[in-house]
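Reviewing the structure listed below.
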Amino acid sequence: MGFLSRLTPSPKRAALAKPDHCHVEIDGEPVRVTLVWNDRARRYTLRLRGSVREPVVTIPARGKLAEAQDFIERHSGWLRSRLAALPDAKPIEDGGVIPLRGVPVRIVHREGRGLVRLEPADGETLLVVTGGAEHIARRVTDFLKREARRDLEEATARHAASLGVKVKAIRLGDPTSRWGSCSSSGTIAYSWRMIMAPPAILDYLAAHEVAHLREMNHSDRFWRHVATICPHMEQAKSWLNRHGASLHAVGAEG
């Protein structure tokens, strides 16, 4: 049958005509594919949602499941190579190692109570987590979000002052297709995962989004603004292209 030998819609109640996911076979293993029915879409698209390492197919208005199957089959080589290229998942668990500001830290669970904290130990850095073991992932994620907000707020304020613009609000999330966004109203949204990248990468992202308050586009003028406040722009862009997927691997299901 070739690379994709089966596309099976999930069982749904009869009243629901449009399934929200299906499965494809890749090397004999079933892989879940999310189906997004979007009446505003003009064409079929296929992408990988990084944080859950899951293929997503967008189906346009008047699209059909059978057509989505044909679309996936035509792009089977791309999907197979992209899935194979994904870095191994890094669970957030006792003994696990994750990056913080580009430096590996080892998660250590201890009994008792207290804040999540960093401790030096025998040439490595420990991320100490107390409380119930079942809460390790949540507590580590909350810690990373707090650290991300602190660093991003500082970098955003610094770059905004340099460009003479005003940021209305900063929001943190976990987007899967972009690292940040900026609205014309002055609200900037960032991925909290940037705290795991080296500081220069976080600094570039802040410069990029702040520069949109001068140019809401990606014109040459926009990139000149970014380069003015972030001389290491090209190196940071290259790092994200090479290593961005590794940030989504943290906490992902294996």
Inset, instruction - Considering every residue within the stretch 57-75, establish whether at least one is closer than 30 Å to THR141 by Cβ, modelled with pLDDT under 90, under 24 Å from the mean Cα position of the chain (by Cα) and not in a loop (DSSP other than H, G, I, E, B). - result: no
Inset, instruction - Could you pull out the residue among ALA66, ALA84 that is aliphatic (A, V, I, L, M), open to solvent by 20 Å² or more (accessible area, probe 1.4 Å) and farther than 22 Å from ALA245 by Cα? - result: ALA66
Legend entry - Residue tally, condition open to solvent by less than 30 Å² (accessible area, probe 1.4 Å) and either in contact (Cβ under 8 Å) with a residue 60 or more places away in the chain or charged (D, E, K, R) (or both), over the stretch 220-238: 2
Inset, instruction - For residues that are open to solvent by 50 Å² or more (accessible area, probe 1.4 Å) and closer than 19 Å to TRP192 by Cα, tally how many sit in the stretch 118-134. - result: 1
Inset, instruction - Could you tell me which residue of the stretch 242-253 is farthest from SER191 (Cα to Cα), considering only residues that are open to solvent by 30 Å² or more (accessible area, probe 1.4 Å) and part of a loop (DSSP other than H, G, I, E, B)? - result: GLU253
Inset, instruction - Give the residues of the stretch 76-95 that are assigned to a helix (DSSP H, G or I), under 17 Å from ALA249 (Cα atoms) and touching a strand residue (DSSP E or B) at 6+ places or on another chain (Cβ under 8 Å), sorted by residue number. - result: ARG82, LEU83
Legend entry - Single unsatisfied condition, LEU115 versus (1) open to solvent by 30 Å² or more (accessible area, probe 1.4 Å); (2) more than 15 Å from GLU147 (Cβ to Cβ); (3) out of contact with any helix residue (DSSP H, G or I) (no Cβ under 6 Å at 6 or more places or on another chain): (2)
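Residue by residue, here is whether (1) basic (Lys, Arg); (2) in contact with a helix residue (DSSP H, G or I) (Cβ under 9 Å, 6 or more places away or on another chain); (3) under 30 Å from GLY131 (Cβ atoms) holds:
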| site | (1), (2), (3) |
| --- | --- |
| SER162 | no, yes, no |
| LEU172 | no, yes, yes |
| VAL210 | no, yes, no |
| ASN217 | no, no, no |
| HIS225 | no, yes, no |
| TRP239 | no, yes, no |
Inset, instruction - Please indicate, with yes or no, whether at least one residue in the stretch 5-14 is open to solvent by 100 Å² or more (accessible area, probe 1.4 Å), at pLDDT 85 or above, part of a loop (DSSP other than H, G, I, E, B) and closer than 20 Å to SER76 by Cβ. - result: no
Inset, instruction - Could you name every one of the strands (runs of 3 or more DSSP E) located completely within the stretch 96-194 that has at least 2 residues being under 23 Å from ALA252 (Cβ atoms) and either out of contact with any Gly (no Cβ under 8 Å at 6 or more places or on another chain) or not small (Gly, Ala, Ser) (or both)? - result: 97-100, 103-109, 124-129, 169-173, 180-182
Inset, instruction - Residue by residue through the stretch 239-250, note down the ones that are touching a residue at least 60 places away in the same chain (Cβ under 8 Å) and not aliphatic (A, V, I, L, M). - result: GLY244, SER246, HIS248
Legend entry - Residues (under 19 Å from the mean Cα position of the chain (by Cα) and among the β-branched types (Val, Ile, Thr)) located in the stretch 127-174: VAL140, THR141, ILE170
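To keep it simple, each residue is scored yes or no on (1) under 22 Å from the mean Cα position of the chain (by Cα); (2) open to solvent by less than 20 Å² (accessible area, probe 1.4 Å).
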{"position": "LEU205", "(1), (2)": "yes, yes"}
{"position": "GLU215", "(1), (2)": "no, no"}
{"position": "HIS218", "(1), (2)": "yes, no"}
{"position": "LEU240", "(1), (2)": "yes, no"}
Inset, instruction - Considering only the stretch 148-157, state which residues are open to solvent by 30 Å² or more (accessible area, probe 1.4 Å) and not small (Gly, Ala, Ser). - result: ARG149, ARG150, ASP151, GLU153, GLU154
Inset, instruction - Please find, among ALA207, ALA227, the residue that is within 13 Å of VAL165 (Cα to Cα), small (Gly, Ala, Ser) and part of a helix (DSSP H, G or I). - result: ALA207
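The values are calculated or read from the model by the stated rules, or taken from the named source; none is laboratory data. Worth saying up front: this structure is predicted, and the values here are computed from it rather than measured. Cβ sites come from the backbone with ideal geometry, for glycine too, and all protein chains shown count toward neighbours. What goes into the accessible areas is simple: the full protein's heavy atoms, side chains included, and nothing from ligands, DNA or RNA. Shrake-Rupley method; radii C 1.70, N 1.55, O 1.52, S 1.80 Å.
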